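What follows is one structure encoded as structure tokens, with my remarks underneath.
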Amino acid sequence: MPHPPVEPPPTDWVMPSPHGADSHGLVAVGADLEPGTLLAAYRCGMFPMPVARRRVGWWSPDPRGILPLDGLKVSRSLSKSCARFEVRVDTCFEQVMRQCGDPRRPNGWIDAAFVRAYGRLHHLGWAHSVETWLDGRLVGGLYGVCINGLFAGESMFHHETDASKVALVHLVDWLNRTDGRLLDVQWSTPHLASLGVIDVSRADYLSRLDSAISLPGGEMTNERTHFPT
């Protein structure tokens, strides 16, 4: 049986208001990546990404990219790809993060400190990976933070065509089955927009966030599945 996530000690930091973000969406710089700090940030609408070498920046973009759970666009080719891969949840979280942080990827920022920080969240039951496998090989996936009805997606990777998209299809299916409310993707891109991601204002996002985290959400379990053909 799945166990509810474990609440860590509260953060020692006072979270700033996301409404104080600059034009790039940067709210503040500093603090730490302790589990309590990360959860406090997500709960008030921010997420961390580094700025200026090793300093941690806390971001709340306006507009914010979200994927409506009834708005995922599954093309005919993606539907066929769903039958190719085995999908697993939380079987190799750290490996997924390291693949997402491969330094050969452009604009990579997921370093060892972030892997350790989100690994702690994973062990507490808050951070999860959705993985796609082919012939026993990890070929794609995504990871993020789940707080009640919120899933805050952090990064995706793929080594086979559609492998990360199949992980996203599985995630949306799981959120719909467990009364999820909000799938946050941080910033919209043309690639994500082709899958159904839309932009909402910061105020709209924060309202949706309050609703999502105020309701109980499902618990992700270590599972393996194939999509039906």
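Observations on the structure shown:
- Checked against the criterion of being at pLDDT 95 or above, part of a helix (DSSP H, G or I) and not aromatic (Phe, Trp, Tyr), the candidates Ser129, Ser164 yield just one match: Ser164.
- Considering region 183-210, and only residues there that are surrounded by fewer than 19 Cβ atoms within 10 Å (Cβ to Cβ) and of a type in the set (Asp, Glu), the residue that is farthest from Asp162 (Cα to Cα) turns out to be Asp210.
- Of the helices (runs of 4 or more DSSP H) lying entirely inside region 1-111, the ones with 3 or more residues being modelled with pLDDT of 95 or more and within 18 Å of the chain's Cα centre (by Cα) are found at 35-43, 93-100.
- Of all residues in region 140-172, those satisfying the criterion of being surrounded by fewer than 24 Cβ atoms within 10 Å (Cβ to Cβ) and farther than 25 Å from Met49 by Cα are Glu160, Thr161, Asp162, Val169, His170.
- Set Val145, Val169: member being under 21 Å from Pro18 (Cα atoms) and modelled with pLDDT of 95 or more: Val145
- Scan of region 167-198 for residues that are in a loop (DSSP other than H, G, I, E, B), at negative phi and charged (D, E, K, R), ordered by number: Arg181
- Test set (1) over 16 Å from the mean Cα position of the chain (by Cα); (2) surrounded by 15 or more Cβ atoms within 10 Å (Cβ to Cβ); (3) assigned to a helix (DSSP H, G or I) - Phe114 fails condition number: (1)
- Any hit, region 134-154, residues being touching a His at 6+ places or on another chain (Cβ under 7 Å), outside any helix (DSSP H, G or I) and over 20 Å from Tyr42 (Cα atoms): yes
Each row is one residue, and each column tells you yes or no for (1) out of contact with any Asp or Glu (no Cβ under 8 Å at 6 or more places or on another chain); (2) acidic (Asp, Glu); (3) in the same structural domain as Tyr205 (by TED's automatic domain parsing); (4) touching a residue at least 40 places away in the same chain (Cβ under 8 Å).
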position: Trp13; (1), (2), (3), (4): no, no, no, no
position: Leu38; (1), (2), (3), (4): yes, no, no, yes
position: Arg43; (1), (2), (3), (4): yes, no, no, yes
position: Val51; (1), (2), (3), (4): yes, no, no, no
position: Ser77; (1), (2), (3), (4): no, no, yes, yes
position: Ala83; (1), (2), (3), (4): yes, no, yes, yes
position: Arg104; (1), (2), (3), (4): yes, no, yes, no
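- Taking the criterion of being touching a residue at least 40 places away in the same chain (Cβ under 8 Å) and surrounded by 17 or more Cβ atoms within 10 Å (Cβ to Cβ), the residues of region 123-139 that qualify are Gly125, Trp126, His128, Ser129, Val130, Glu131, Thr132, Trp133, Leu138, Val139.
The values are calculated or read from the model by the stated rules, or taken from the named source; none is laboratory data. Since this is a predicted model, take the numbers as computed values, not measurements. Using ideal geometry, Cβ is built from the backbone for each residue, glycine included, and neighbour counts are taken over all protein chains shown.
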